[in-house]
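Student: This is the structure I have questions about; it appears just below.
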Amino acid sequence: MTTYEAVIGLECHAQLLTHSKLFCSCSTQFGAPPNMNTCPVCLGLPGALPVLNRVAVSMAVKAALGLGCTINRESQWSRKNYFYPDLPKGYQISQYDRPLAQFGGIDIVVDGNRRRIRVQRIHMEEDAGKSLHEGFPGSDTSTYLDFNRSGVPLVEIVSAPDIRTSVEAHDYLTRLKEILEYLDVCDGNMEEGSLRCDANVSVRPVGDEKLGTRTELKNLNSFRFVQKAIDFEVQRQIDVIENGGRVVQETRLWNSVEERTVSMRSKEEAHDYRYFPEPDLPLLTVDQETVRNIERQMTELPAARRSRFVEQYAISEYDSVVLTTTRALADFFEETVRICKQPKTAANWIMGDLLRFYKEDARVDMKDLSESRVSPKKLADLILYVDAGRISGKMAKSVFEEMYQTARHPDVIIQEKGLVQISDPTEIERVIDQVIAENTKTVEQYRAGKTGTFGFFVGQVMKQTGGRANPQAVNDILRKKLVG
Ligand SMILES: [Zn+2]
């Protein structure tokens, strides 16, 4: 039996977070009524000329730098010619043989192994419009067109065929999305199509250098679909070869209902697009100084932040990954630690209680926690109250829940509920004396050697104090008293 390995490359389109389109001043806002955000340029009317959006270029450069790419001083716009109803010009302004940036990479970690997946190139292009096949009165016989998306700026990020498994593909996408979000250049929303991904997949016998015939998988609307579609496609290609057939180069669509890929069309080659330099735009020049300026504005990237967290706060690698899922969450953690100076405790609260509440709460946007009802200050104060012995860890849990529900400061909750911990030895001693007096028989048994009843006494003291007694103090005093 031959063993096969998969060779996978990913092509991702990321919509840049500009307010206006790539070559005109129309709004890029998602969800506007059809064809509201259009003008002669993005409708492709004769004689309209493109004017480049400077902000889009800096965002693209930022993305490229974040992915470790070299920015080309000069790159070129090219026309990619094809006919489609949602492409009114009959061509898309893209970049071809002279892209904006090249030679980067993304580090992935799968099963503890770190590997670098090369990013071959990043180029800029404009998006096409949208064909709407349903939801309108004449939808059964006609296709409707919405040009709001026409001309929205995109970067296409092309990986080398370095990915070997669907799990690696998933991790690559997770890291890519994270980087783009950290840099504020793309919101990473796959449902709204602001991050789209196609996968090129082929298989070959292990040990072979030569690449097999590849298929291109489209319509992968979530990371989960990417993973499932790759798994299905790899097995399908192996089956074809094992049954004596040949894999055909084609574009295949992922059908998420039937969980399989289906043939869509034979794959077009670059020469089918008749690329040629865009005559309406000059070369795109990005000089060293511009690159340096953009570099200076860049935030710390997720991978760097993770290593720093491990070093600076002595938390585990795993914790550092969870805490840096979004920039907002990482900021939340650091601000909490800045106030309470207890990184491990802060990490435990955030990863345990806070994230559990966030997950159950549809209102929470993990990318913007500025409106979070539990603020870093409130959490840090809660941690400090426990540390100072004002409340027990157990009380803190219920205070936290109340904080999350009501957005109030822990101090207010503690006072209102009379939750203050009893640490005063005299008061605890008084309760213990009472418990001992009420349970003389059990005390005798304890003194006779049945020390397993210790927990019973602790429970009684806790019951009498409404759970407010400091457990450590209760243990210490109880032990002394019970010896007699
Ligand atoms: Zn326009």
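The values are calculated or read from the model by the stated rules, or taken from the named source; none is laboratory data. Just so you know, these numbers come straight off a predicted model, no measurement behind them. Backbone-built Cβ (ideal geometry, glycine too); neighbour counts: all protein chains shown. When the accessible area is computed, the model is the full protein with side chains, heavy atoms only, and any ligands, DNA or RNA have been set aside. Shrake-Rupley method; radii C 1.70, N 1.55, O 1.52, S 1.80 Å.
Student: Given the DSSP H assignment, sum -39500 (n - 2.57) over each helix run of at least 4 residues in the chain and divide by its residue total; what's the result at 222 nm in deg cm²/dmol, nearest 500?
Tutor: Details: 16 runs with 185 residues, N = 484.
Here the helix-only value at 222 nm equals -11500 deg cm²/dmol.
Student: What is the log10 of I(q)/I(0) for segment 205-333, computed with the Debye formula using one identical point scatterer on each Cα and no solvent, at q = 0.09, 0.17 Å⁻¹?
Tutor: The calculated log intensity ratios at q = 0.09, 0.17 Å⁻¹ are -0.60, -0.95.
Student: Under a Cβ-only charge scheme (Lys and Arg +1, Asp and Glu -1), can you give me the dipole magnitude of the chain about the Cα centre, in debye to the nearest 20? Write out the running numbers ahead of the final one.
Tutor: Values: 62 positive and 68 negative charges, 248 e Å.
The dipole of the chain has a size of about 1200 debye.
Student: Another question, then. Length gain on complete extension for the stretch residue 27 to residue 239, per 0.36 nm per residue less the alpha carbon to alpha carbon distance? Let's see the in-between values first.
Tutor: Values: separation 212, 0.36 × 212 = 76.32 nm, distance 4.80 nm.
Using 0.36 nm per residue and subtracting the Cα-Cα distance, I get 71.5 nm.
Student: Please report, as a whole percent, how much of the solvent-accessible surface of the chain comes from carbon and sulfur atoms (probe radius 1.4 Å).
Tutor: Working: 12430 of 24380 Å².
In the chain, the share of accessible area belonging to carbon and sulfur is 51 percent.
Student: Let me ask you something else. Using only the alpha carbons of segment 423-484, what is the convex hull's orientation-averaged projected area in square nanometres?
Tutor: Numbers: hull surface 14.2 nm².
Dividing the Cα hull surface by four gives the mean projection, 3.6 nm².
Student: Now for a different question. Once R0 is set to 35 Å, what does the formula 1/(1 + (r/R0)^6) return for the Cβ-Cβ distance between residue 142 and residue 167, expressed as a FRET efficiency to the nearest 0.05?
Tutor: 0.25
Student: Amide H of residue 128 versus every other amide H placed in the peptide plane: which residues, excluding those fewer than 5 positions away on the same chain, fall under 5 Å?
Tutor: Residues meeting the amide H criterion: 151.
Student: Here's another thing I want to ask about it. Can you tell me the length gained on complete extension of the stretch residue 191 to residue 451, counting 0.36 nm per residue apart and subtracting the Cα distance? Mind dumping the intermediate values first?
Tutor: Working: separation 260, 0.36 × 260 = 93.60 nm, distance 6.11 nm.
Here the answer is 87.5 nm.
Student: With a 1.4 Å probe and all protein chains kept in place, how do 401, 360 rank by accessible area, largest first?
Tutor: Values: 401 95, 360 135 Å².
Ranked from most to least accessible, the order is 360, 401.
Student: Using only Cα atoms, what is the ratio of the radius of gyration of segment 95-155 to 2.2 N^0.38 Å?
Tutor: On the way: Rg = 19.3 Å, N = 61, 2.2 N^0.38 = 10.5 Å.
That ratio works out to 1.84.
Student: Taking segment 60-162 on its own, what percent of its Cα-Cα pair distances exceed 21 Å? Working shown, then result.
Tutor: Numbers: 2652 of 5253 pairs.
Across segment 60-162, Cα pairs with separations above 21 Å total 50 percent.
Student: Give the accessible surface of the chain per residue, rounded to a whole number of Å², with probe radius 1.4 Å and ligands, DNA and RNA excluded.
Tutor: Here the residues of the chain average 50 Å² of exposed surface.
Student: Quantify how much of the Cα-Cα distance distribution of segment 355-484 extends past 26 Å, in percent. All intermediate terms of the calculation are to be shown ahead of the outcome.
Tutor: Working: 3284 of 8385 pairs.
When every Cα pair of segment 355-484 is considered, 39 percent fall beyond 26 Å.
Student: Would you compute the Debye intensity of segment 1-78 from its alpha-carbon atoms alone, equal scatterers and no solvent, and pass along log10 I(q)/I(0) at q = 0.11, 0.14 Å⁻¹ to two decimals?
Tutor: -0.46, -0.65
Student: Which three lengths, in whole Å and largest first, does segment 293-446 cover when its Cα atoms are put on their principal axes?
Tutor: Computed over segment 293-446, the largest-to-smallest principal extents equal 77, 32, 25 Å.
Student: In square nanometres and to one decimal, what's the mean projected area of the convex hull around the Cα atoms of the chain? Can you show the working numbers first?
Tutor: Values: hull surface 133.6 nm².
Average of the hull's projected areas for the chain equals 33.4 nm².
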